[in-house]
1. Taking other Cβ within 10 Å of each residue's Cβ, how do Asp39, Asp259, Asp251 sort, fewest first?
2. Which ordering of Thr95, Thr248 is given by a fewest-first count of other beta-carbon atoms within 10 Å?
3. Please determine, in degrees from 0 to 90 and to the nearest 10, the orientation of helix 140-153 with respect to the longest principal axis defined by the Cα atoms of the chain, where the helix direction is its Cα long axis.
4. Counting DSSP beta bridges with both partners in segment 1-112, what percentage is antiparallel, nearest 5?
5. Between Gln135 and Ala224, what is the spin-label point distance in nm, taking each point 7 Å from the Cα along the Cα→C-beta axis?
6. If the limit is 24 Å between Cα atoms, which of Lys138/Lys256; Lys218/Lys256; Lys91/Lys218 go over it?
7. For the residues Glu34, Glu132, Glu82, what sequence is obtained by ranking on other C-beta atoms within 10 Å, fewest first?
8. Have a look at the DSSP beta bridges in the chain and tell me what percent are antiparallel, nearest 5.
Amino acid sequence: MSIAIVTDSTSDIEPGRAQALGITVVPLFVVFGERSYRDYIDLSREEFFKKLATEKTLPITSQPTAQMFEEAFAPLVADGREILCITISSKLSGTINAARAAAQHFPGANIEIYDSQTAAGGLGMMALRASELAQQGKGRDEIVAALDHERVTQRLYACIADLSHLQRTGRIGKAQAVLGTLMKIVPVLVLRDGEVAAEAQVRTFARAQEAMLDLALKAVSDPAKARFLVMHTNAPALAQAVLEKVRTRLDGVVPKLLDSIEAGPVIATHGGPGAVGIFVAQDP
C-alpha cells in the first residue's frame with residue numbers, strides 16, 4: 001500500500017485533482033470580519049475576489065486546527081498507511097504546528113510532518129511529486145530525499161502589483177526594507193529559506209517581469225529537466241503572457257513541466273489581485 005500524501009490548501013491543487021490522486025488536503029481559512037471560510041470549500045476564487053471588491057473589511061487568513069489534521073489522518077491510520085504530510089513554510093504559517101500536534105494523537109502510527117519551506121504552486125509541485133513517487137511504490141525515505149532536493153533547488157520569483165497586502169498580513173519577511181521606497185521601485189520577490197525577500201528592484205512592473213524571467217531561467221542548469229509553473233492572482237492574461245515568454249526563452253527546449261495556475265483565496269489574500277510569479281525546480 002502506497003504512502004498517503006497529506007498537504008494543506010495553500011498548495012492550490014484543484015480539489016478534483018487531489019481527490020483523483022488520493023491526496024488529502026486540509027483547508028486553511030480566509031476571514032472576512034466575523035465570518036471564516038474554508039479555503040476552496042466554503043469560498044471559491046470567484047467568490048473571494050467578489051467579496052474582496054465589495055466587503056468593507058479586508059480579509060486575513062488563519063491556519064487549520066489540530067483537530068482538522070486529526071480528522072484527515074484518522075482514516076489513513078485506520079487503513080494502516082504511512083503518512084507524509086507536507087505543509088506550507090513554517091515561516092509563513094503555523095499550519096505545521098497544528099499538523100505536528102495532530103500527529104501526537106496517533107502514537108502508534110508512522111506519520112512524518114515535512115516543512116516544504118515554500119507555498120502555493122511550489123507546495124503543490126512538491127505534493128504532486130511526492131504523490132507521483134508514492135504511486136510508483138517508492139519508500140518514504142526516497143520520497144523525502146526527492147523533496148529535500150526540490151526544497152534546495154526550487155525557487156519562486158514574483159512580481160506583486162500591490163505590496164500592501166503582504167505588508168498588511170505580515171508576510172513580507174526580509175522584503176520589509178523595500179517598503180520605504182515603494183513609490184519609486186517595483187521589487188522582484190523571492191522565497192528564500194521559507195520567507196519572502198526582495199531579490200531585485202526595478203522601476204516599472206514591466207521591467208520587474210523581465211527581471212523575474214531572467215532570474216527564473218538562470219536558476220536552472222538543465223532546462224530539459226526543469227519544471228516551470230507560472231502562478232497568478234486573478235490575472236490570467238498576464239500569466240499566459242509570462243508563460244509564452246518562458247517558452248520563447250527556452251528556445252525549443254521542452255521542460256518537464258511548463259504550466260500555469262491561479263492562486264486560491266488564502267494565497268490571494270496575501271498577494272492581492274494582479275500578481276504573477278514563476279516557480280521553478282531543477283530535477284536531477
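Read the figures in this text as sums done on the coordinates, not as results from a lab. Keep in mind that what you see is a predicted model, and the values were worked out from it rather than measured. Counting neighbours? That spans all protein chains shown, and the Cβs are built from the backbone with ideal geometry, glycine included.
1. Details: Asp39 26, Asp259 13, Asp251 7.
Listing Asp39, Asp259, Asp251 from fewest to most nearby Cβ atoms yields Asp251, Asp259, Asp39.
2. Numbers: Thr95 27, Thr248 10.
Fewest-to-most Cβ neighbours within 10 Å comes out as Thr248, Thr95.
3. Rounded to the nearest ten degrees, it is 10.
4. Details: 7 of 17 bridges.
Taking every DSSP beta bridge within segment 1-112, about 40 percent pair in antiparallel fashion.
5. For the pair Gln135/Ala224, the computed spacing is 2.5 nm.
6. Lys91/Lys218
7. Details: Glu34 6, Glu132 14, Glu82 18.
If I rank by nearby Cβ atoms, fewest first, I get Glu34, Glu132, Glu82.
8. Working: 29 of 48 bridges.
So the antiparallel bridges in the chain amount to around 60 percent.
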